[in-house]
Each structure stands twice: as structure tokens, then as C-alpha cells.
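Read the structure below first, then the notes.
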Amino acid sequence: MKALISALLLALLAGCATGPRIDHSYSAKAQSPRVKFIVLHYTVSDKPSSIKILTQQQVSAHYLVTDDPETIIYNLVPETQQAWHAGVSSWKGFTNLNTSSVGIEIVNAGWKDTPTGRVYAPFPQYQIDSVIALVRDIAQRYHVPPENVLGHSDIAPGRKQDPGPMFPWKQFADQGLAVWPDATRVASVRPVFDAQQPDVTWFQRKLAAFGYGVTQTCLYDEQTRNALSAFQSKFRPANIDGAPDAETATLLEVLTTPANAPLPVVQASAPLPNAVCACSPSPVIQPAATPAAPALPQPPAVPVPAAVPATPAAPQPLNKQ
């Protein structure tokens, strides 16, 4: 009898240990992957320091891509888990991107100031090839669109500068892993903005439409300058001063206009309805006529107050939060 009771107790305990029975025969249609974004960083540290920081401190990433000639990719956090790489961040209305992204750290020295100016560290091609392969694999598995493959500077402009102006975004775009402005459309639109540069409110609207967390203030303020600099670092790395110039306006217009939409003509107009702030009128983008009629003389655009671009603080190793 004692043996029978012991056996029954053991069976009962074993059943409790396995937990409740879960039936997996149904799967809800209304669901999506946790991963919606891929965020790229540089470490501002060498390989040993990067590994130590990312595994032993309060910062992490899902992957670390080394700068070894035979590149090693370390998986430090499972993709099902949240890594602490993005910090305070936003893109297209999403915030706290740690919860919805895969973070990739790339071993790179970042930048340093020299007597002749700021010098950025290049990325070896073999390392970039490894990052491209990794991003392609993640993007395919989670259906991450090219516009959601981002740099840390995109989701936290001003606070972060990585992966910096030396990062070859065009190579990723050529592989369908990032967005890039069409050169033919850029050449067609550029004369429009050379003739009349939009005011700062136009830039704020376009930056927000592209994805940056910029609000309309009608002022050339720090948030606008930081977002412009981050945008320029990605698409116009030769000059990342954050100034709202004609070239930057052209790139923004092309990147925020559907590829099959007519090329724009900028014309002065009354303020747009439902404006959130009271400031000088912004240009309105209208389809060009075919052929375009000669433009009437237009009043000059409201000049943007000159400002000395903010100099980013010296990069700190892997301070992602």
C-alpha cells in the first residue's frame, strides 16, 4: 500500500511539474512579428572592449559584427528578447524602439577631432559585406521594409551620431535594404529649390513625413538642426552641418514623394489649413504642368536665421541608453 501511495504521489508531482496542457492547434490571424526595425550602430571601441561592454554592462545588442579580416558575428541577445541598444528613440510615431527592433553593433572607432577637422573611421568592405548579409537575413525573416533599416542617429538625432557619414548606405540601398533618392528625379527637382528655398516649416513637415520625430515650431531650432544633420549624414555625407539648404530640400522632396508622382513645382501660397503654428507661409508642392508655363515673379523665401551648427559631444563607447 505504501508503495502504491508513493507511486501515486510521484505521478501527481510529475504532472504538476509539466505545467498546464497547452493546445497549439489554433493560430490567430491578427498578429505580426515583434521586429519592425533594424538599427545599426558603431561601437567606438575595439573588439575586446566592445564584447566586454555589450555582455557585462547595462547595454546590449542582438548582434556584434567584428572588424576581423574574417569577420565574426556574435549573437549576444536572442531575437525574441529585447536588447538595450536604442535608448530614448522614435521613428514614424513608434517610440522606445528597443521593444520593436533588432540592434546590430559594428566594431568601429567612430570619429575624433584633429587640428585639420573631424576625421571619421572607415568601415572595411569585408565588414560591410557581413553586415549586409546579416541585415538581409533579418529583414527577410521579419519582412522589415527598406525604410525601416535605420541608423542610431535616425531614431535619436543629436543624441547619437552612429553609424556616421562613412557608413555606405548606398550599398545597402543597392541590395534593397535601405532607401535612396533616385538620381534622375534629384536632378530634375534641384532647380526648383535653387530658385526658391522652402522655409523652415516645410523642412519640419518633410522631416516628420520621412520618419523623424520632429514637431512644427516654425523655428530653426535644435531638434530641426539635429534631424537635418542626421538626414544629411545618411544621404549627403559631404556636408552634415544641419543647415536647411536647397540640396537637402531636394533630397527630402524626392524621398517623401512616391516614385510615380509628378515632379514638383514650388509656388508661394497662403498658409496651409489647420496649421499648428502661426508663421510665414510655406511653399505648396503642386504638380508641374506639361509643358510648364513660365513662372511669375515670386516673393523671396523668408530667410532662415543663421546658426552655428551644434558640435556633437565626443562619442562615448556604447552609451546607448
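So that you can scan it fast, the table gives a plain yes or no per residue for (1) on the phi > 0 side of the Ramachandran plot; (2) touching a Ser or Thr at 6+ places or on another chain (Cβ under 8 Å); (3) part of a helix (DSSP H, G or I); (4) crowded, with 17+ Cβ neighbours inside 10 Å:
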| position | (1), (2), (3), (4) |
| --- | --- |
| P198 | no, yes, no, yes |
| A230 | no, yes, yes, yes |
| L252 | no, no, yes, yes |
| P258 | no, no, no, no |
| A261 | no, no, no, no |
Exactly one of (1) among the hydroxyl-bearing types (S, T, Y); (2) modelled with pLDDT under 95; (3) within 19 Å of the chain's Cα centre (by Cα) is unmet by T116. Its number?
(3)
Please determine, by comparing only the residues of segment 71-116 that are without any contact (Cβ under 8 Å) to a residue 60 or more places away in the chain and among the small types (G, A, S), which one is farthest from Q57 (Cα to Cα).
G93
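Suppose we filter segment 199-242 for residues that are farther than 18 Å from K170 by Cα, under 19 Å from the mean Cα position of the chain (by Cα) and either of a type outside the set (K, R) or assigned by TED's automatic domain parsing to the domain that holds S90 (or both); how many remain?
Just the residues of segment 199-242 that are farther than 18 Å from K170 by Cα, to begin with: 199-209, 211-228, 241-242.
The next check asks that each one be under 19 Å from the mean Cα position of the chain (by Cα); those that pass are 203-209, 211-215, 222-228, 241-242.
Keeping just the survivors that are either of a type outside the set (K, R) or assigned by TED's automatic domain parsing to the domain that holds S90 (or both) gives 203-204, 207-209, 211-215, 222-224, 226-228, 241-242.
Total satisfying the criteria: 18.
Mind checking which strands (runs of 3 or more DSSP E) fall wholly inside segment 71-182 and carry at least 1 residues that are of a type outside the set (A, V, I, L, M) and over 21 Å from K52 (Cα atoms)? Write out each step before concluding.
Values: elements: 73-75, 101-106, 111-114, 117-120, 149-151.
Output list reads 101-106, 111-114, 117-120, 149-151.
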Test result for G110, farther than 24 Å from L64 by Cβ, touching a Pro at 6+ places or on another chain (Cβ under 8 Å) and not assigned by TED's automatic domain parsing to the domain that holds E253
no
Can you find even one residue in segment 185-194 that is of a type in the set (A, V, I, L, M), in contact with a strand residue (DSSP E or B) (Cβ under 8 Å, 6 or more places away or on another chain) and surrounded by fewer than 17 Cβ atoms within 10 Å (Cβ to Cβ)?
no
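Would you mind stating whether S45 is touching a residue at least 12 places away in the same chain (Cβ under 8 Å), surrounded by 14 or more Cβ atoms within 10 Å (Cβ to Cβ), part of a loop (DSSP other than H, G, I, E, B) and touching a Leu at 6+ places or on another chain (Cβ under 6 Å)?
Working: touching a residue at least 12 places away in the same chain (Cβ under 8 Å): yes; surrounded by 14 or more Cβ atoms within 10 Å (Cβ to Cβ): yes; part of a loop (DSSP other than H, G, I, E, B): yes; touching a Leu at 6+ places or on another chain (Cβ under 6 Å): no.
It is false that S45 is touching a residue at least 12 places away in the same chain (Cβ under 8 Å), surrounded by 14 or more Cβ atoms within 10 Å (Cβ to Cβ), part of a loop (DSSP other than H, G, I, E, B) and touching a Leu at 6+ places or on another chain (Cβ under 6 Å).
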Qualifying position, being touching a Phe, Trp or Tyr at 6+ places or on another chain (Cβ under 6 Å) and crowded, with 16+ Cβ neighbours inside 10 Å, among I138, I104, I132, I128
I104
Residue that is β-branched (V, I, T) and more than 22 Å from Q161 (Cα to Cα), where the choices are T43, T66, T80
T80
Select from segment 64-90 the residues that are in contact with a helix residue (DSSP H, G or I) (Cβ under 9 Å, 6 or more places away or on another chain), surrounded by fewer than 23 Cβ atoms within 10 Å (Cβ to Cβ) and not aliphatic (A, V, I, L, M) and list them in ascending order.
T66, D67, D68, P69, E70, T71, Y74, E79, Q82, W84, G87, S90
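The values are calculated or read from the model by the stated rules, or taken from the named source; none is laboratory data. If you're wondering where the values come from, they're calculated on a predicted model, not measured in any experiment. Cβ sites come from the backbone with ideal geometry, for glycine too, and all protein chains shown count toward neighbours.
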